[in-house]
Amino acid sequence: MSVLNIKDVSKIFPGGTRAVDTFSLDVADGELVCLLGPSGSGKSTLLRMVGGFETPTSGQMTIDGDDITHVPPERRPTGMVFQSHALWTHMNVFKNLAFGLKLRKVAPAEIKRRVEAVLELVGLGGYGTRAVTQLSGGQQQRVALARSLVLEPKILLLDEPFASLDQHLRERLREEVRDIQQRLKITTLFVTHGQDEALSMADRIVVMRDGKTEQIDRPDIVYREPRTPFVAGFIGTMNLIEGTVANGVFSKAGYSTPVPVADGPATQAIRPEALELTLATDNAQGKVHRVTDFGTHGLVDLELLDSTRIKAMVSHPGLFQPGQGVALAPKAIAAYRDDILIHRGALTPEIAARRETIDA
Amino acid sequence: MTTDTAGSVSPVQPHRGRPIGLLLVAVPVLMVVWLIIWPIISAVITTLWVKTPEGDIFSIETYRFFFSDGYSLSNLGMTLWTTGVCAILLLVVCLPIALYLRFADSRIAAYVQGLAIFPMFVPSIILSFAFIRVLGPNGTVDLVLNAVGMPKIRSPYLTPWGPVIGLVWDNIPLTVLILLSGLGSVSNQAIEAARDVGAGKIAVLWHIILPRISNSILVAISFAVLGIFSAFTLPYVLGPAAPEMMGPFMQRTFRELFEPQTAITQAVVTFAFCIVFGLFYVYSVAKNRAP
Ligand SMILES: Nc1ncnc2c1ncn2[C@@H]1O[C@H](COP(=O)(O)OP(=O)(O)O)[C@@H](O)[C@H]1O
Ligand SMILES: [Mg+2]
């Protein structure tokens with residue numbers, strides 16, 4: 001039963017780097033929030049401030065209402081899992097887990113019981129006597145997770161814990177961590193720069209850029225309704241087309257769609273799966289550049305008339321050949337101006353049909 | 001043609017390489033035998049074959065004398081005491097310095113490091129002279145205390161503490177450097193993880209840092225002990241006339257008393273102690289590395 005509140009927290013490093021800039025976030029009890037952003041966007045710095053390893057330059061953090069802004073890490077009810085496991089190599093697995101409990105003067109029998117239970121939980125039952133250097137990378141990260149969990153922290157913090165593992169293992173551990181988190185209902189902050197990790201694990205995603213929040217939302221909303229072109233480009237694959245709007249029609253080099261916004265420059269965003277292609281000979285809006293067959297679907301790389309590259313997902317890649325002319329029929333679009341979402345909507349056949357009339 | 005040359009050249013190389021390799025190994029081995037092993041053996045032989053009017057006979061008389069002579073034994077005891085006290089003081093002084101240098105990220109750390117390494121570049125004889133000027137009778141400390149009206153302190157000059165102070169100062173750089181290299185292998189994340197599970201500064205030092213640098217401590221102390229045990233200049237200049245450390249003792253026995261065989265016996269005893277330290281060191285390092 002723990003909530004984390006972060007209010008207007010900033011961190012300016014001595015060199016002058018503003019790593020985190022007036023950041024605010026409330027994490028609800030039992031919630032898993034992912035901090036997602038490119039490298040250098042301040043995710044680790046924020047997490048380390050919650051863990052107590054960096055002191056905020058300004059702002060305040062509370063856990064269950066208690067101000068923890070200036071509490072040293074050893075007295076915070078947080079548990080951190082580091083990017084490289086950071087296990088103590090001079091201790092075996094059991095001792096790594098027992099260390100925190102010993103410091104809390106827990107009775108030996110109780111320590112043994114709790115350590116074994118947690119090892120069981122992370123799927124390493126019976127590994128207590130192993131040296132940590134004998135474990136594989138994935139097992140080491142599980143021990144690191146267990147080491148935090150055994151102390152039953154109020155807030156669990158993970159900083160790109162799977163970054164050094166291969167894709168396969170990463171996906172498996174991702175699911176395991178999510179399972180454990182939901183079983184224990186532990187409030188969790190998870191740092192990652194991988195969008196699929198965030199999309200598959202998070203209750204909510206915080207997209208960060210240059211120490212600031214770009215968007216905080218549920219994964220499906222972040223995916224479907226990115227609030228800025230940055231978020232749109234960062235989550236999933238997104239076609240971003242720079243063009244101009246005149247009389248309610250967005251156009252760019254022969255390609256045009258109705259967008260009901262005021263005249264001026266705009267960026268249109270279309271997911272590849274929301275872009276329908278049809279072969280066209282006369283009024284082609286683009287040209288097929290390359291077709292990739294993924295088995296379940298195909299991806300068509302195409303060029304607009306001014307060589308702008310965009311992608312479209314198709315169910316029958318065999319229908320398209322490089323060099324062919326195609327007409328574009330977007331089913332859902334979003335438009336941005338000055339980094340702000342100004343329009344978002346599905347294009348029903350009737351609306352799309354308007355393009356034809358205007359074009360004509 | 002190309003295959004021919006390739007085929008004929010490659011088998012030749014090992015034959016040509018082997019003598020060169022052996023030669024490369026042989027040079028240092030011969031040097032060690034000539035300059036170290038042989039002098040030791042000849043020294044031991046010299047002390048065991050005593051010249052008598054009837055010719056050379058085998059005898060352990062020189063060693064019997066050394067270990068029954070009160071003066072020799074008190075010199076040996078003095079040497080052991082000085083070495084032990086220096087080893088403890090070095091750890092007490094150097095560990096905090098090394099910890100500070102490893103974990104401080106202020107600009108002052110660079111100056112502290114420079115200061116800690118500085119004694120390495122100062123010859124012992126100049127160090128001794130500086131010691132006398134500062135801590136000796138009528139030295140700087142005396143003058144300052146006198147000027148502010150404080151009572152005179154007893155100068156450590158020519159007492160057993162003279163060599164201790166000098167030797168500790170002289171050995172700080174190497175000890176700090178070795179400890180520092182050991183601390184380099186303790187990752188920040190390992191320490192942060194310890195603090196995360198509730199370890200305060202003392203617990204981190206005791207449970208995380210010290211176990212990880214135990215080998216470095218062992219190496220540092222062994223180097224210091226081996227150097228200090230047979231030190232000459234500092235004990236000679238700064239120490240008391242009697243009892244004296246083994247270094248000056250040997251020198252005086254050889255040069256002033258003209259008793260080369262007794263001096264060599266003292267040298268062999270000194271060497272034996274150093275060997276024991278050395279073996280203990282090798283044993284501990286091997287034991288620490290085993291698991
Ligand atoms: N200890 C530090 N001193 C100075 N600058 C730092 C320090 N740690 C991080 N930074 C800077 O802060 C910014 C954010 O870093 P970080 O939080 O590690 O980003 P992320 O985890 O998102 O990759 C970067 O520009 C980085 O160079
Ligand atoms: Mg990071």
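The values are calculated or read from the model by the stated rules, or taken from the named source; none is laboratory data. Predicted model only: the values in this text are computed from it and were never measured. Note that each Cβ is placed from the backbone with ideal geometry, even for glycine, and that neighbours are counted across all protein chains shown. All accessible areas refer to the heavy atoms of the entire protein, side chains included, with ligands and DNA or RNA removed. Shrake-Rupley method; radii C 1.70, N 1.55, O 1.52, S 1.80 Å.
If each DSSP helix of 4+ residues adds -39,500 (n - 2.57) and the sum is divided by the residues in chain A, what number results at 222 nm, nearest 500 deg cm²/dmol? Provide the component values of the computation, followed by the final result.
On the way: 9 runs with 95 residues, N = 360.
Here the helix-only value at 222 nm equals -8000 deg cm²/dmol.
So what is the orientation-averaged projected area of segment A:238-359, using the convex hull of its C-alpha atoms, in nm²?
On the way: hull surface 28.6 nm².
The number I arrive at for segment A:238-359 is 7.2 nm².
Quick one: compute the contact order of segment A:4-229, relative version, from alpha carbon pairs under 8 angstrom and 6+ residues apart, as a percent.
Numbers: 428 pairs, mean separation 65.5, N = 226.
Relative contact order of segment A:4-229: 29 percent.
Along Cα→Cβ, 7 Å out, is where each label goes; now give me the distance between the ones at B:Val50 and B:Leu22 in nm to one decimal.
Using points 7 Å along Cα→Cβ, the separation is 4.6 nm.
I'd like to know which of A:Ile342, A:His70, A:Thr188 lies farthest towards the positive end of the charge dipole of chain A, counting +1 on Cβ of Lys and Arg and -1 on Cβ of Asp and Glu.
Value computed over the given set: A:His70.
Hey, which lysines would be in cross-link range of A:Lys311, C-alpha to C-alpha under 16 Å, not counting anything within fewer than 8 residues on its own chain?
The reachable lysines, counting only those whose Cα sits under 16 Å from A:Lys311, are A:Lys252, A:Lys287, A:Lys331.
Output the antiparallel fraction of DSSP beta bridges having both residues in the protein assembly as shown, as a percent to the nearest 5.
Values: 66 of 84 bridges.
Here the share of antiparallel DSSP bridges comes out near 80 percent.
May I ask for the distance between the Cα centers of segment A:18-36 and segment B:268-291, given as a whole number of Å?
Going from one Cα centre to the other spans 55 Å.
Report the local net charge at A:Arg48: Lys and Arg +1, Asp and Glu -1, summed over other residues whose C-beta lies under 12 Å from its C-beta. Spell out each step's value before the answer.
Details: positive: A:Lys11, A:Lys43, A:Arg76, B:Arg195; negative: A:Glu54, A:Asp159, B:Glu192, B:Asp196.
Around A:Arg48, the surrounding residues sum to 0.
Grab the Cα-Cα distance for B:Ala147 and B:Ile275, subtract it from 0.36 nm times how many residues apart they are, and report the gain in nm with one decimal.
Details: separation 128, 0.36 × 128 = 46.08 nm, distance 4.95 nm.
The B:Ala147-B:Ile275 span can extend by a further 41.1 nm.
So, with +1 on the Cβ of K and R and -1 on the Cβ of D and E, and no other charges, what is the size of the charge dipole of segment B:129-265 about its Cα centre, to the nearest 20 debye?
Numbers: 8 positive and 7 negative charges, 43 e Å.
Dipole magnitude for segment B:129-265 comes out near 200 debye.
Can you find, among B:Pro211, B:Val27, B:Ser155, the residue sitting farthest towards the positive end of the charge dipole of the protein assembly as shown, where Lys and Arg contribute +1 and Asp and Glu -1 at Cβ?
B:Ser155
How high is the FRET efficiency between B:Glu256 and B:Ser187 when r is their beta carbon distance and R₀ equals 45 Å, given to the nearest 0.05? Don't jump to the answer; show the numbers that get you there.
Working: r = 56 Å, r/R0 = 1.24.
Working from the Cβ atoms, E equals 0.20.
PRE reach from A:Arg344 (point 7 Å along Cα→Cβ): which of segment A:264-300 fall under 16 Å by backbone N?
Under 16 Å, as judged by backbone N against the label point of A:Arg344, lie A:267-272, A:274 of segment A:264-300.
Taking 35 Å as R0, compute the FRET efficiency from the Cβ-Cβ separation of A:His70 and B:Ser284 and round it to 0.05. Write out the running numbers ahead of the final one.
Values: r = 43 Å, r/R0 = 1.23.
Rounded to the nearest 0.05, the efficiency is 0.25.
Looking at segment A:4-229, what % of its DSSP beta bridges pair antiparallel, to the nearest 5?
50 percent
Starting from the Cα-Cα distance between A:Arg218 and A:Asp203, subtract it from 0.36 nm times their residue separation and give me the gain in nm to one decimal. Can you show the working numbers first?
Values: separation 15, 0.36 × 15 = 5.40 nm, distance 0.60 nm.
The A:Arg218-A:Asp203 span can extend by a further 4.8 nm.
With every protein chain present, what is the per residue accessible area of segment A:201-360 (1.4 Å probe, Å²)?
Numbers: 7810 Å² over 160 residues.
I get 49 Å² per residue for segment A:201-360.
Could you derive backbone 3J(HN,Hα) for segment B:149-162 from the dihedral phi with the Karplus parameters 6.51, -1.76 and 1.60 (θ = phi - 60°), listing whole Hz in sequence and x where the residue is Gly or Pro?
Those phi angles translate into x, 8, x, 5, 9, 6, 5, x, 4, 6, 10, x, 6, x Hz.
Report the charge-dipole magnitude of the protein assembly as shown in Debye, nearest 20, computed about the Cα centre from +1 at each Lys and Arg Cβ and -1 at each Asp and Glu Cβ. Write out the running numbers ahead of the final one.
Working: 57 positive and 56 negative charges, 299 e Å.
Dipole size: approximately 1440 debye.
For B:Val92 and A:Ser39, what is the calculated FRET efficiency with R₀ set at 51 Å and r taken between the beta-carbons, to the nearest 0.05?
0.70
Whole-Hz ³J(HN,Hα) for each residue in segment B:254-259, computed from phi via Karplus 6.51 cos²θ - 1.76 cosθ + 1.60 with θ = phi - 60°, x for glycine and proline: what do you get?
6, 8, 9, 9, 6, 10
Please list, or write none, the lysines whose alpha carbon is within less than 25 Å of the alpha carbon of B:Lys201, excluding same-chain residues fewer than 8 places away.
Partners found: A:Lys11, A:Lys95, A:Lys102, A:Lys105, A:Lys154.
Please compute the modelled spin-label separation between A:Arg113 and A:Lys7, points set 7 Å along Cα→Cβ, answer in nm with one decimal.
4.0 nm
Please compute, for peptide B:208-215, the average count of beta-carbon atoms on other protein chains lying within 10 Å of each residue's beta-carbon. Don't skip to the answer; put the middle values down first.
Details: counts 4, 0, 1, 4, 3, 0, 1, 0.
Mean inter-chain Cβ contacts per residue within 10 Å come to 2.
Can you give the alpha-carbon Rg of chain A over 2.2 N^0.38 Å, where N counts its residues? Please list the in-between numbers first.
Details: Rg = 25.0 Å, N = 360, 2.2 N^0.38 = 20.6 Å.
For chain A, the normalised Cα radius of gyration comes out at 1.21.
Positive end of the dipole of segment A:238-359, charges at C-beta (+1 Lys, Arg; -1 Asp, Glu), about the Cα centre: which of A:His297, A:Gln324, A:Asn239 has its Cα farthest in that direction?
Farthest towards the positive end: A:His297.
How large is ³J(HN,Hα) for each residue in segment B:264-276, as worked out from phi by the Karplus curve 6.51 cos²θ - 1.76 cosθ + 1.60 (θ = phi - 60°), to whole Hz, x for Gly and Pro?
Values, residue by residue: 5, 4, 4, 5, 5, 4, 4, 4, 4, 5, 4, 4, 4 Hz.
Averaged per residue, what accessible area in Å² does segment B:71-289 show with a 1.4 Å probe, protein chains only?
Computed with neighbouring chains in place, this is 51 Å² per residue.
With only Lys, Arg, Asp and Glu charged, each at its Cβ (+1 for the first two, -1 for the last two), find how big the charge dipole of chain B is about the Cα centre; round to the nearest 20 debye.
Working: 16 positive and 13 negative charges, 125 e Å.
In debye, rounded to 20, chain B gives about 600.
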